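Quick note: the coordinates plus some simple rules give every number you see, no bench work behind them. Note that the structure is predicted; figures quoted are calculated from it, not measured. Note: ideal-geometry Cβ built from the backbone for every residue, glycine included; neighbour counts use all protein chains shown.
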Amino acid sequence: MTRGIRGATTVVQNEATTIIEETRRLIEEMVTANNIAPEDISHVFISVTQDLNATFPAKGLRELPGYTYVPVMCMSEIDVPGSLTNCIRVMMVANIKTDQSRINHIFHNEAIKLRPDLTEKGGL
């Protein structure tokens, strides 16, 4: 079964090292919390708010062992007035048997505001 796993985080500044480190930390927690191996992952979409352009956050994923062949695409978020800034969102699609209601979606930093219904479930 193919499942989508959500993740999001924020950074304090538009700086390449910070963006890469926070993305890597988020993805590591997403795969650990859902017991996923790189070969289980079909593809990953990573979006950033318009204020983050210092680097491609996918570099954080590429630094992880075993992720060489995982397809990943970066894109810009819709610039909605009043929305969360400095935000990196991840949509990971994986082939796993976990029921959809048992997926652990992971939100870090200010991004916990995006889906309180999921963070209350334990996806922090």
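Taking a point 7 Å from the Cα of S76 along the Cα-to-Cβ direction, the residues of the range 30-58 with backbone N closer than 20 Å to it are 45-58. With θ taken as phi - 60° and the Karplus curve 6.51 cos²θ - 1.76 cosθ + 1.60 applied, the whole-hertz 3J(HN,Hα) list for the range 41-52 is 7, 6, 6, 9, 9, 10, 10, 10, 6, 4, 7, 10 Hz, x standing for glycine and proline. Arranged from fewest to most other beta-carbon atoms within 10 Å of their beta carbon, T23, T98, T17 become T17, T98, T23. Distance between the 7 Å Cα→Cβ label points at T32 and V93: 2.7 nm.
Loop-resident chymotrypsin sites (Phe, Trp or Tyr not before Pro) (DSSP state other than H, G, I, E or B) in the range 1-102 with no more than 13 further Cβ atoms inside 10 Å of their Cβ: Y69.
The loop-placed GluC sites (Glu not before Pro) in the range 38-124, going by DSSP, that have at most 10 neighbouring Cβ atoms within 10 Å of their Cβ come out as E120. Karplus-based coupling profile of the range 66-82, in residue order and whole Hz: x, 9, 4, 9, 6, x, 9, 9, 9, 7, 8, 6, 5, 7, 8, x, x, with θ = phi - 60° in 6.51 cos²θ - 1.76 cosθ + 1.60 and x standing for Gly or Pro.
Considering only alpha-carbon pairs that sit under 8 angstrom and 6 or more positions apart, the relative contact order computed for the chain is 41 percent.
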